[in-house]
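The values are calculated or read from the model by the stated rules, or taken from the named source; none is laboratory data. Treat the numbers as computed from the prediction; the structure is a model and nothing was measured. Note that each Cβ is placed from the backbone with ideal geometry, even for glycine, and that neighbours are counted across all protein chains shown.
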Amino acid sequence: MSTDQPPAPVTLPAQPGRRDRKARRTREAMADAALHLTLEHGLAALAVEHVTDAADVSRRTFSRYFASREEAVLDCLRADFTRINQALAARPPAEAPYAAYRAAVTAWLHDPDHPAWHLRPGMRALFALIDEEPALTAAYRRIAVAEEEQSIRLVADRLGLHPETDLRPAVAVGLGVAALHAATRTWVRDPAGDLPALIDRAFDLVAAEPPR
């Protein structure tokens, strides 16, 4: 079979049932505990046992969801990137990929059920900690790359292209991801920064060729 053939369509998980909702609540309880303990005491002071005690779960349960304490600390960010991908999958098929990714990020920013970073306490501090702690930096990169790969597969499916052999999906997503990361970096470093405005500005700059 030729490797140039488009892959099977990408589908995101269906709406969760009762068991899935319970698993999600368990995961969120551990992730919330890991995040709050890290922001309060620092990553060096965090042990898996602290997380399991705070969430009232066993070490075995923790290991079923997370490979490391860093993954637990950053799980809220993984969930945010997943929501962006869910919004991307819901965009109209005829919409251009870069515009679709921008619209997906905008939908995530204004989702009334899941507040974005600028509306959640501690997010600036978390991103600053990611820059300072090598273990968190590495874990964040793994999460971001995995979710970016999912975005690329979604865009490739929209275009009927192969995500591994055609540059167009990766370039379109890469531009959108670069805009999001650049805006976030500025927001973290500028206490007066407005994240939605910075994201809009970053996407505008990417869409227009930067001045020489």
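Just need a number here: residues in the stretch 31-60 that are buried (at least 16 other Cβ atoms within 10 Å of the Cβ) and in a helix (DSSP H, G or I). Let's see the steps before the verdict.
Quick first cut of the stretch 31-60, residues buried (at least 16 other Cβ atoms within 10 Å of the Cβ) only: 31-35, 37-39, 43, 46, 48, 50-52, 55, 57.
Of the ones still in play, those that are also in a helix (DSSP H, G or I) are 31-35, 37-39, 43, 48, 50-52, 55.
Of the residues in the stretch 31-60, 14 are buried (at least 16 other Cβ atoms within 10 Å of the Cβ) and in a helix (DSSP H, G or I).
Scan the stretch 84-135 residue by residue and report those that are among the small types (G, A, S) and under 19 Å from R189 (Cβ atoms). Show your work before the answer.
Looking only at the stretch 84-135, we keep the residues that are among the small types (G, A, S), and these are 87, 89-90, 94, 96, 99-100, 103-104, 107, 116, 122, 125, 128, 135.
A116, G122, A125, A128 - these are the residues of the stretch 84-135 that are among the small types (G, A, S) and under 19 Å from R189 (Cβ atoms).
Find the residue count for the stretch 171-194, including only residues that are crowded, with 22+ Cβ neighbours inside 10 Å and small (G, A, S).
Count: 4.
Is it fair to say A116 is at pLDDT 95 or above, surrounded by fewer than 17 Cβ atoms within 10 Å (Cβ to Cβ) and aliphatic (A, V, I, L, M)? Give the steps one after another, and end with the answer.
On the way: at pLDDT 95 or above: yes; surrounded by fewer than 17 Cβ atoms within 10 Å (Cβ to Cβ): no; aliphatic (A, V, I, L, M): yes.
Taking the combined requirement at face value, the residue does not satisfy it.
Among helices (runs of 4 or more DSSP H) lying entirely in the stretch 66-147, which contain 2 or more residues that are closer than 26 Å to D53 by Cβ and under 15 Å from the mean Cα position of the chain (by Cα)? Give the steps one after another, and end with the answer.
Working: elements: 69-73, 75-89, 97-109, 123-132.
By residue number, 69-73, 75-89, 123-132.
Could you check the stretch 197-212 and list, in sequence order, the residues that are crowded, with 16+ Cβ neighbours inside 10 Å and either modelled with pLDDT of 95 or more or among the acidic types (D, E) (or both)? Break it down stepwise before answering.
Of all residues in the stretch 197-212, those crowded, with 16+ Cβ neighbours inside 10 Å come to 198-200, 202-203, 206.
Selection gives L198, I199, D200, A202, F203.
For the list (1) over 23 Å from D204 (Cα atoms); (2) at pLDDT below 95; (3) among the hydrophobic types (A, V, I, L, M, F, W, C), I need the number of the one condition that A96 fails.
(1)
(1) at pLDDT below 95; (2) closer than 30 Å to F203 by Cα: which one isn't true of Q15, the others all being true?
Q15 satisfies every listed condition except (2).
Test E133 against the stated conditions and say whether it is surrounded by fewer than 19 Cβ atoms within 10 Å (Cβ to Cβ), of a type in the set (D, E, K, R) and within 18 Å of Q86 (Cα to Cα). Lay out the reasoning, then the answer.
Details: surrounded by fewer than 19 Cβ atoms within 10 Å (Cβ to Cβ): yes; of a type in the set (D, E, K, R): yes; within 18 Å of Q86 (Cα to Cα): no.
Against the criterion (surrounded by fewer than 19 Cβ atoms within 10 Å (Cβ to Cβ), of a type in the set (D, E, K, R) and within 18 Å of Q86 (Cα to Cα)), E133 does not qualify.
Going by what's in this entry, would A172 be described as assigned to a helix (DSSP H, G or I), more than 18 Å from H118 (Cα to Cα) and hydrophobic (A, V, I, L, M, F, W, C)?
Working: assigned to a helix (DSSP H, G or I): yes; more than 18 Å from H118 (Cα to Cα): yes; hydrophobic (A, V, I, L, M, F, W, C): yes.
It is true that A172 is assigned to a helix (DSSP H, G or I), more than 18 Å from H118 (Cα to Cα) and hydrophobic (A, V, I, L, M, F, W, C).
What are the pairs, 6+ residues apart or on separate chains, where a residue within the stretch 155-172 that is of a type in the set (V, I, T) has its Cβ under 7 Å from a residue that is surrounded by fewer than 19 Cβ atoms within 10 Å (Cβ to Cβ)?
Within 7 Å, the pairs are T165/T3; T165/D4.
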